[in-house]
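The values are calculated or read from the model by the stated rules, or taken from the named source; none is laboratory data. The model shown is predicted, which means the values in this text are computed figures rather than measured ones. Backbone-built Cβ (ideal geometry, glycine too); neighbour counts: all protein chains shown. Just so you know, the surface numbers come from the protein's heavy atoms only, side chains and all, with ligands and any DNA or RNA stripped out. Shrake-Rupley method; radii C 1.70, N 1.55, O 1.52, S 1.80 Å.
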Amino acid sequence: QKIGLSKTDVAVAIGSIIARAASPNSERSTYHWLRHHSGLGELIDFDFNNISLNKLYQISDTLLSHKDPLESHLEIVEESFHGYKSTIALYDLTNTYMEGQAKSNPKAAHALSKEKRNDCPLVTMGIAMNEHGFLHRTSIFPGNASEPKTLEGMIESLSVHQSLFKPTVILDAGIATKDN
């Protein structure tokens with residue numbers, strides 16, 4: 001609400017976020033899941049049958065445009081609620097495919113998909129989370145991003161991060177090259 005979302009937008013955003021956590025998939029599949037396989041609407045008093053697929057796409061774009069302030073806000077709330085300071089950053093990459101051609105997404109690229117969907121364009125997401133399992137920062141890279149080449153940018157974004165005090169960064173083998 002603080003970023004100007006209407007009551008409907010907030011409900012759709014909550015639906016999108018929870019659906020992606022419970023049944024990670026494309027917006028199209030998320031839309032179907034919210035309307036036909038979830039009781040979330042009953043919990044938040046919202047009828048997902050009254051929204052269009054375009055509304056789900058729009059709310060995803062809106063959330064992405066406010067990504068940095070939302071991540072900062074969530075981090076402050078998490079630290080306040082749980083009373084911890086983070087000292088470890090876990091960093092990894094994953095990719096996700098897009099149904100359709102994704103012509104308007106300059107980061108969409110064909111590459112090897114973890115879901116074996118090599119017929120679809122991908123984007124790669126870098127995720128830094130703390131030792132408590134909470135996300136600190138995310139980055140969206142081209143679908144054919146090289147894991148080792150993303151590390152420097154993520155460390156720079158963590159270094160301006162107020163709560164991390166000289167973090168220990170833990171990497172998987174795909175990122176942990178000799179140079180890194």
Which one is farthest from Arg117 (Cα to Cα), of the residues in segment 23-74 that are polar (S, T, N, Q) and touching a helix residue (DSSP H, G or I) at 6+ places or on another chain (Cβ under 8 Å)?
Asn49
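Got a sec? Which of Leu63, Leu70 is among the hydrophobic types (A, V, I, L, M, F, W, C), within 19 Å of Thr30 (Cβ to Cβ), under 12 Å from the mean Cα position of the chain (by Cα) and open to solvent by less than 50 Å² (accessible area, probe 1.4 Å)? Give the derivation first.
Numbers: Leu70 fails: open to solvent by less than 50 Å² (accessible area, probe 1.4 Å).
After applying the criteria, what remains is Leu63.
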May I ask you to verify whether Ile59 is among the β-branched types (Val, Ile, Thr), farther than 16 Å from Ile17 by Cα and touching a residue at least 40 places away in the same chain (Cβ under 8 Å)?
no
Could you give every pair whose Cβ atoms fall below 6 Å, whose first residue belongs to segment 27-47 and is over 13 Å from Ala11 (Cα atoms), and whose second residue is of a type in the set (D, E, K, R), counting only separations of at least 6 or pairs across chains?
Arg28/Glu99
Name every residue in segment 85-104 that is closer than 23 Å to Asn54 by Cα, open to solvent by 80 Å² or more (accessible area, probe 1.4 Å) and not small (Gly, Ala, Ser), in order of residue number.
Gln101, Lys103
Could you grab me the full set of residues in segment 145-173 that are in a loop (DSSP other than H, G, I, E, B) and either at pLDDT 70 or above or open to solvent by 40 Å² or more (accessible area, probe 1.4 Å) (or both)?
Ala145, Ser146, Val160, Gln162, Phe165, Lys166, Pro167, Leu171, Asp172, Ala173
Residue ID - modelled with the lowest pLDDT, chosen from residues in segment 10-32 that are open to solvent by 50 Å² or more (accessible area, probe 1.4 Å), more than 13 Å from Tyr57 (Cβ to Cβ) and more than 13 Å from the chain's Cα centre (by Cα)
Ala22
Assuming His82 fulfils every condition listed in (1) buried (at least 17 other Cβ atoms within 10 Å of the Cβ); (2) in contact (Cβ under 8 Å) with a residue 24 or more places away in the chain apart from one, which condition is it?
(1)
Could you grab the pairs with beta carbons closer than 9 Å, sequence gap of 6+ or different chains, first residue in segment 128-139 and without any contact (Cβ under 8 Å) to a residue 24 or more places away in the chain, second one small (Gly, Ala, Ser)?
Ser139/Gly126; Ser139/Ala128; Ser139/Gly153; Ser139/Ser157
Residue in segment 105-143 that is surrounded by the fewest Cβ atoms within 10 Å (Cβ to Cβ), counting only those that are at pLDDT below 80 and within 16 Å of Glu27 (Cβ to Cβ)
Glu115
Quick check: anything in segment 35-44 among the β-branched types (Val, Ile, Thr) and surrounded by 14 or more Cβ atoms within 10 Å (Cβ to Cβ)?
no
